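Structure, as structure tokens:
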Amino acid sequence: MELKELLKFLLEKQKKCQYVVSFKEICEQFTDEKAQSINIQLHRFAKEGMIVPLVKGYYTNPFMAEEKPETILLELAKKLRPNDKFYLSLEYDAFECNMINQLPNGFTFVTTGRSYRYYTPVGVIHFTHLSNINLESEYIFQDKWRGIYVAEPKQIILDALRLKKFDLIDLILEKNDEYKSVEDLLENYREEED
């Protein structure tokens, strides 16, 4: 596998809005080479800055890593957990909903799978386990454009309470100083739904 062949393959994926490529996909593309040889070449290309290793077995092209870190993290999360139920919640979602001022350096997903934190060059993906989640909840919606489920503000607060993320509750209360307690926050979101 030569660099230009790999870059052509990455460009074809990029045209299909696929910014993350797995080692398995690369091996399927270059069937005339052994996996060990491909692995060595990928390691060399990464050292030269021609590709960006995200986590073990997953890569992106360096231009996408700079241009679309959020898109890459979301796509990587879906590839890392293809069979798990999960939804975007907590810090990043709270930021997107204008509930907090701080921009987190990655995504937190609530999942039925195991908890794990993946550190990548473009940010952090944190899967937090809860044994019982309902993707059909009235407080979770499917973002079809991004291809993920996303918590609404009330669900963010409920998740923060269930997971004892009191630092997030403090940030929400700090940004919304008209609320004096968690009960005030929950009451506010009940009123907005009516």
Given the structure, is Lys56 charged (D, E, K, R), farther than 27 Å from Lys15 by Cα and surrounded by fewer than 16 Cβ atoms within 10 Å (Cβ to Cβ)? no
Number of positions in the range 31-53 that are part of a helix (DSSP H, G or I) and surrounded by fewer than 16 Cβ atoms within 10 Å (Cβ to Cβ): 9
Restricting attention to the range 61-75, does a residue exist that is open to solvent by less than 60 Å² (accessible area, probe 1.4 Å), on the phi > 0 side of the Ramachandran plot and not hydroxyl-bearing (Ser, Thr, Tyr)? no
Taking the options Asp177, Asp167, name whichever one is without any contact (Cβ under 8 Å) to a residue 12 or more places away in the chain, of a type in the set (Asp, Glu) and either open to solvent by less than 30 Å² (accessible area, probe 1.4 Å) or not in a loop (DSSP other than H, G, I, E, B) (or both). Asp167
For the range 85-144, which fully contained strands (runs of 3 or more DSSP E) count at least 3 residues that are surrounded by 15 or more Cβ atoms within 10 Å (Cβ to Cβ) and under 12 Å from the mean Cα position of the chain (by Cα)? 86-89, 106-111, 123-129
Only one residue in Leu74, Leu42 is under 23 Å from Tyr149 (Cα atoms) and in contact with a strand residue (DSSP E or B) (Cβ under 9 Å, 6 or more places away or on another chain), so which one is that? Leu74
Do we find a residue being polar (S, T, N, Q) and either closer than 21 Å to Leu73 by Cβ or in contact with a Gly (Cβ under 6 Å, 6 or more places away or on another chain) (or both) anywhere in the range 147-170? yes
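The values are calculated or read from the model by the stated rules, or taken from the named source; none is laboratory data. All of these numbers come straight from a predicted model, not from anything done at the bench. Counting neighbours? That spans all protein chains shown, and the Cβs are built from the backbone with ideal geometry, glycine included. Heads up: the accessible areas ignore ligands, DNA and RNA and are worked out on the full protein's heavy atoms, side chains in. Shrake-Rupley method; radii C 1.70, N 1.55, O 1.52, S 1.80 Å.
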